[in-house]
């Protein structure tokens, strides 16, 4: 449609100004608006009429949706979907499963359940297991086992309601006390004799720390 004719005829409807048929969908209206604005060039008055026509059609479309008036294409699509769901219920169920799966993946996070040490027997069993591993494992694993035990003690205190800094401070204190006792045992002649026969000096130093840490796990 000629832009000069559109400008000189103020009685034209918004559809005529945009050059589209009545009942056109939103995409066609928007494409027509973009084309007409580009075609208008530097004509500000014509551009204003085009934008005004676009706004009128847009508001009319919104009012139609709010009042429950939908297009024939939308009604037809809805009828087709109902027919498919009725004729092929399995497809409908698969579609619902996919939708629910997408929603759950979008809004939910995987739950990671930390190990529970609420039961006293579990604490005693795990503590005994750590002690046995310390005795039979190479000396290079001593620090690793003590570090894990310190973290477990910190976790137990946090779970009981203490703050992280306080829990970590108590755990390090227990570890330090155990290492101090281990250093004192190292100088004992009887302990040195045991060390020469079976246990290494490193394990003798680590044993008190391991025992004290797990005493803290059990009773704190």
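Readers should treat all values here as calculations from the given coordinates under stated rules, not as data from a laboratory. This structure is a prediction, so every number in the text was calculated from the model and none was measured. Reconstructed Cβ throughout: ideal geometry from the backbone, glycine too, with neighbour counts over all protein chains shown.
Values for this structure:
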read-out	value
Per residue, the convex hull volume that the Cα atoms of segment 120-219 enclose (Å³)	87 Å³
Pairwise label distance in nanometres, residue 139 with residue 181, each label 7 Å out on the Cα-Cβ vector	2.2 nm
At R0 = 30 Å, FRET efficiency that the Cβ-Cβ distance of residue 27 and residue 48 yields, to 0.05	0.85
